[in-house]
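Everything below concerns the one structure shown next.
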Amino acid sequence: KHVCGPNTPRSLPPHSEGGTRPGPRPMRAGTTASSKRVAPTNGDGSFCGGLFPCWRPSPPMSSGTELRRADRGGARQPTWTEFTSFDTYVFDCDGVIWGISEADTATAVSTINFLIKSGKRVMFVTNNSNKRRRDFVEELIRKGIDFGGRSEKERLGMMISASYTTARYLAAAGLRYPFVITSDTGLLQELQEVGITQFFATIDLDGNPDPRFESAAMMGVDPSIVDIIASRPEVDCIVMGWDMGITARKVGTAVNYIRFHDDLNKDKPGYKPMPIIACSGDASGVLGTAQYQGQNVKIRAIGNGAMADFVARCFDPVREWLDMGKPSDALLELLASPQAYNVDLSKALMVGDTLQTDIVFGNRGGMATLLVLTGVTTAEELQEALLSEERHRIPTFQLPKLGHFASATSHLGVTSTQSCV
């Protein structure tokens, strides 16, 4: 999410067991029915991206996985024994660990620390692109996560962020000159770490807005969008991060970069459209809470995926864009690949607060899924999903908060687990 909180990239840093990890292949995706999900194919449902291996759409969920979920009962509360039965735990961050009440953060951290000390494998996967992985690890430590004696390299191996996957994808794809729409520097810093330094961004490396984008207007302001593009004609892709100050001027610049590229090159041999890469596909998120007409309400935000749709829907037909976050195949393959994180997804639990990204991500990968109600998804929205035919949006389990068991027992089951069963 946006608050907190590639085909064979060769420069991915090693995970905790050491070694380099070739990355996964990205999935062309969108967040609404009108956003194109189908990539150019080779006639068998696959597509190839130049130097990348072919990607094929994920097969339907196996009947065995369906039966396993049905036996557990969709979206029911797990017992303590069930909750602690997995080998690997994949945690979303915002709305699960932070961005919630201090009391809920404290019990969430206690729960995660118990799992780590119990020898469980714990990973953190966030769609936030506004910080580097290193920044997220530091934030986890500030919140109280105990990484034990793990080295910095091992701690980084437990953290995956959308800024990280986006930067690695661009490096692998040979895209060196992105136009980056963002309001924070984490994505830019990750790009620098993979050697992409000639980006054109809406902010500078100190986080200050580029003066050319201080106005929100598409026309009537100097410099014009044409002049902006002419000053940086080398741009080879559009990267949509999560931008707290998204404007018509920024979107218009991205759209016209694509249009000008088409107009100048579409009749040339070897022409390829300028790609749109979104750090994540979130439709929305939560900025905080407020009192409205006597009730406590969540303040909703425009999500990163919705921002990518701003650009994509300026074309007819709607343009495809690549999703670098949950629930894309890129992240699923990265987790499962023996050359990367080597997670046995069938023995993993995905914990998140968003049906659209976290729960769909886990279900598509064959993981068990746990929805916590401290973030984006409300109890009412969960009930709507349960009544729908969209089984990929139905979690295996639900809890009011990640720290539910920590609240129920003072020692997370060490001395009184029976009260949680």
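Just a few scattered comments:
- Extreme residue, least open to solvent (accessible area, probe 1.4 Å), among residues of the range 188-218 that are among the acidic types (Asp, Glu) and part of a loop (DSSP other than H, G, I, E, B): 210
- Of the strands (runs of 3 or more DSSP E) lying entirely inside the range 219-298, those containing at least 3 residues that are open to solvent by less than 80 Å² (accessible area, probe 1.4 Å) and closer than 22 Å to residue 199 by Cα span 237-240, 276-278.
- For beta carbons closer than 8 Å, sequence separation of 6+ or different chains, a first residue in the range 317-328 that is farther than 19 Å from residue 93 by Cα and a second that is surrounded by fewer than 24 Cβ atoms within 10 Å (Cβ to Cβ) and among the hydroxyl-bearing types (Ser, Thr, Tyr), the qualifying pairs are 318/34; 318/35; 320/35; 321/35.
- When each of 109, 125, 96 is tested for being β-branched (Val, Ile, Thr), under 15 Å from residue 352 (Cα atoms) and in a loop (DSSP other than H, G, I, E, B), the lone residue that passes is 96.
- Residue within the range 115-137 that is more than 21 Å from the chain's Cα centre (by Cα) and hydroxyl-bearing (Ser, Thr, Tyr) present: yes
- Among the residues of the range 152-182, the one identified as among the polar types (S, T, N, Q), part of a helix (DSSP H, G or I) and in contact with a Lys or Arg (Cβ under 7 Å, 6 or more places away or on another chain) is 163.
- Residue match in the range 335-348 (condition: open to solvent by less than 10 Å² (accessible area, probe 1.4 Å), closer than 30 Å to residue 87 by Cα and assigned to a helix (DSSP H, G or I)): yes
- Candidates in the range 61-94 are the residues that are farther than 19 Å from residue 405 by Cβ and among the hydroxyl-bearing types (Ser, Thr, Tyr); of these, the one that is modelled with the highest pLDDT is 65.
- Selection from the range 130-151 of residues that are of a type in the set (Val, Ile, Thr), within 22 Å of residue 335 (Cβ to Cβ) and part of a helix (DSSP H, G or I): 137
- Residue match in the range 149-158 (condition: closer than 25 Å to residue 356 by Cβ and open to solvent by less than 10 Å² (accessible area, probe 1.4 Å)): no
- Only residues that are over 20 Å from the mean Cα position of the chain (by Cα) and either at pLDDT below 95 or farther than 21 Å from residue 304 by Cα (or both) were counted across the range 151-191, and they come to 6.
The values are calculated or read from the model by the stated rules, or taken from the named source; none is laboratory data. Bear in mind that the values here come from a model prediction, so they are computed numbers and not experimental data. Note that we place each Cβ from the backbone using ideal geometry, even for glycine, and neighbour counts take in every protein chain shown. Heavy atoms of the whole protein, side chains included, go into the accessibility calculation; ligands, DNA and RNA do not. Shrake-Rupley method; radii C 1.70, N 1.55, O 1.52, S 1.80 Å.
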